[in-house]
Amino acid sequence: MAETLNAWLSGWLSSSLVDLLPELVTALGQTALMLGIGLTAALLLGGPLGVGLFLLSPGQSLSHRVGARALYRLINGTVNIVRSFPFIILLVALVPVTRALTGSSIGPLAAAVPLSCAAIPYFARLVEQCLREVPRGVIEAAQAMGASEAQIVWRVLVLEARAGLVGAVTVLAISFLSYSAVAGGVGGGGIGDLAIRYGYYRFQTDVMLLTVALLIGLVQAIQWLGHHAARRLDKR
């Protein structure tokens, strides 16, 4: 079976690309690992952070509590500062943190640290914007019925904004797929590393074109899945 597949691939791929297939599979796995860790961190930490930003913002339910304004300014400012960093600079700046957490500054696990640090505030801002699209009257109706803060968050805000939140995850995944390629250029592994080593340093145009085609295919697949899921969840 393996020999048949190799013979079939050899018919339309150059010999250099066929020889590169094992490394390509490894690179795809490394990219998936980086993207998976980054997205998980964004969902687990960036999601609640975005909800907190929304609830603490002026005019919302937690904005009148003691210290809410100062806390909102602190979180909002931190999110803006981290998002202001170009990813390549953030990646280099976090090298000491990366080494402390993973024991290395290269490889997909190491690259996942700055990816996660960039993904958390990025997704938090997307979540905040999605929640702002929930009609104010729906929130006030839930408050009038005596719903707790947690019930309002889960049964009103998240439920009403679920289509937008899926769209936000889709945007995040596509953006950080390109970030993972950038990380590959500085020792992070993945598709970006493959493109740099073979397509740039060795001037193998066929490898560069293959990696570009793979990235385009991955983006299209993520976009289609996200769009399809958002449409199914949108009840408007």
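No lab work stands behind these numbers, since they all come straight from the coordinates. These figures come from a predicted structure and were not determined experimentally. No Cβ is skipped: glycine too gets one built from the backbone with ideal geometry, and neighbour counts run over all protein chains shown.
Worth a mention:
- Only Lys, Arg, Asp and Glu carry charge here, each on its Cβ (+1 for the first two, -1 for the last two); on that basis the stretch 59-156 has a dipole of about 180 debye about its Cα centre.
- In this simple spin-label model, placing a label point 7 Å from the Cα along the Cα-to-Cβ direction at both Tyr201 and Asp234 gives a separation of 4.5 nm.
- Qualifying GluC sites (Glu not before Pro) for the stretch 136-193 [loop in DSSP, other Cβ within 10 Å: at most 14]: none
- Nearest-20 debye value, the stretch 107-185 charge dipole, Cβ charges on Lys, Arg, Asp, Glu: 80 debye
- In the chain, the calculated helix contribution to ellipticity at 222 nm averages -24000 deg cm²/dmol per residue, counting -39,500 (n - 2.57) for every DSSP H run with n ≥ 4.
- For the chain, the longest site-free run once chymotrypsin sites (Phe, Trp or Tyr not before Pro) in DSSP loop states with at most 11 other Cβ atoms within 10 Å are removed: 1-200
- Pairs of Cα atoms nearer than 8 Å and 6+ residues apart set the relative contact order; for the chain it is 25 percent.
- Rounded to the nearest 0.05, the FRET efficiency derived from the C-beta distance between Leu44 and Leu209 at R0 = 45 Å is 0.75.
- For the chain, the membrane-span-like helix rule (DSSP H, alpha carbon extent of at least 20 Å along the helix axis, mean Kyte-Doolittle at least -1.0) picks out 15-41, 68-84, 108-132, 162-183, 205-233; this says nothing about an actual membrane.
- Cleavage-rule hits, trypsin sites (Lys or Arg not before Pro), the stretch 187-232, DSSP coil, Cβ neighbours within 10 Å at most 13: Arg202
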